[in-house]
1. Select from the stretch 184-208 the residues that are polar (S, T, N, Q) and open to solvent by less than 50 Å² (accessible area, probe 1.4 Å) and list them in ascending order.
2. So, in the stretch 249-260, exactly how many residues are hydrophobic (A, V, I, L, M, F, W, C) and open to solvent by 60 Å² or more (accessible area, probe 1.4 Å)?
3. Filter the stretch 24-45 for residues that are modelled with pLDDT under 95 and under 19 Å from the mean Cα position of the chain (by Cα) and give the result.
4. Output the number of residues of the stretch 232-248 satisfying the condition of being within 14 Å of the ligand (Cβ to nearest atom) and either surrounded by 20 or more Cβ atoms within 10 Å (Cβ to Cβ) or closer than 13 Å to M263 by Cβ (or both).
5. Quickly run through the stretch 1-23 and pick out the residues that are modelled with pLDDT under 50 and among the polar types (S, T, N, Q).
6. Filter the stretch 209-231 for residues that are open to solvent by less than 10 Å² (accessible area, probe 1.4 Å) and among the hydrophobic types (A, V, I, L, M, F, W, C) and give the result.
7. Kindly indicate whether any position in the stretch 108-122 is in contact (Cβ under 8 Å) with a residue 40 or more places away in the chain and among the hydroxyl-bearing types (S, T, Y).
8. Sort out which residues of the stretch 285-302 are under 30 Å from Y80 (Cβ atoms) and touching a residue at least 60 places away in the same chain (Cβ under 8 Å), and write them in order of number.
Amino acid sequence: MVYIAKFLLPVVMFMGLLPIQAQAQKNTSFMPGEVWKDTDGNPINAHGGGVLYHEGTYYWYGEYKKGKTILPEWATWECYRTDVTGVGCYSSRDLLNWKFEGIVLPAVKDDPNHDLHPSKVLERPKVIYNKKTGKFVMWAHVESADYSKACAGVAVSDSPAGPFTYLGSFRPNDVMSRDQTVFVDDDGRAYQFYSSENNETMYISLLTDDYLKPSGRFTRNFIKESREAPAVFKYNGKYYMLSSGCTGWDPNIAEIAVADSIMGTWKTIGNPCTGPDADKTFYAQSTYMQPIIGKKDAYIAMFDRWKKKDLEDSRYVWLPVLIKNGAITIPWHEKWNLEIFDK
Ligand code: DGJ
């Protein structure tokens, strides 16, 4: 008996450990463009996303693109799409290892007229926290399948990991709103940056104190410059916006711009990307800029490397933003980790 137990125990332990080991594969480096697995071992599915830091945890929200990519029969341009599944959320303490928290804003399958019906388009969700109301507020680009709706949709939750309640969509300040992000300033004021006027002009719109609507104060920026995919951060008292040109799912050259005041005058600096394929943004497109909490002047630039014919398999390109003597670069790295900011 004792002999059998002695023999069987290691076998049972070995068999039992196998699945645990497969799950527990820890990510130790960012590997832009490679498949990035969550803590369950599944590829992370959070495209066009943004990150929120709340009470020691980072939350990554993005388009949960599941299933076949199709080009509708009526398409006159490359409006490849997957059915809307919803917005996915992942949580992490180290920005490398992400736990799937679920679909926090699911598609609405039984109402073909609903903004979140699978037949529609849901892109670029971002979540901000409102200290006054205690609510987590999501803004996203809400579209019809042919991209003619050009609206912003808003949802709220009491918890960062959802579920979010959808409040509806509208054209902010009565103009089109497509690629978008939201940014909270140090004074608690929040702004939506959105590509408008057929993607030709970038609007910056101050939100109401509860972050649920536009306040009515806005500026028109980069007029007729066709910038999209805005990603915003603040460094040394100045505001920076990274953006792409407007070429559908295909990559183009990135640009960074700076302003002393968020509603003030923006000045284009140029392309901050360096290294191979920097003129094509490493075959990717900006989506968000995330400060690294606890490190000074350290940011991650988040990009999507779209695979237009298989959108679910689009990859993430996360790179360090390096600031030297005030100059900002986003250099290519095949493999890197946060220690890069300690050098
Ligand atoms: C570029 C945008 O940045 C994406 O979010 C998406 O809307 C595609 N265009 C669609 O072609």
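1. Of everything in the stretch 184-208, those that are polar (S, T, N, Q) and open to solvent by less than 50 Å² (accessible area, probe 1.4 Å) turn out to be Q192, S195, S196, N199, T201, S205, T208.
2. Looking only at that region, the number is 1.
3. none
4. The number of residues fulfilling the criteria is 3.
5. Passing the criteria: only Q21.
6. Matches in the stretch 209-231: A229, A231.
7. No, the stretch 108-122 has no match at all.
8. Selection gives T287, Y288, Q290, I300, A301, M302.
The values are calculated or read from the model by the stated rules, or taken from the named source; none is laboratory data. Everything numeric in this text was worked out from a predicted model, so none of it was measured. We place every Cβ from the backbone using ideal geometry, glycine too, and count neighbours over all the protein chains shown. Side chains included, ligands, DNA and RNA excluded: accessible areas come from the protein's heavy atoms. Shrake-Rupley method; radii C 1.70, N 1.55, O 1.52, S 1.80 Å.
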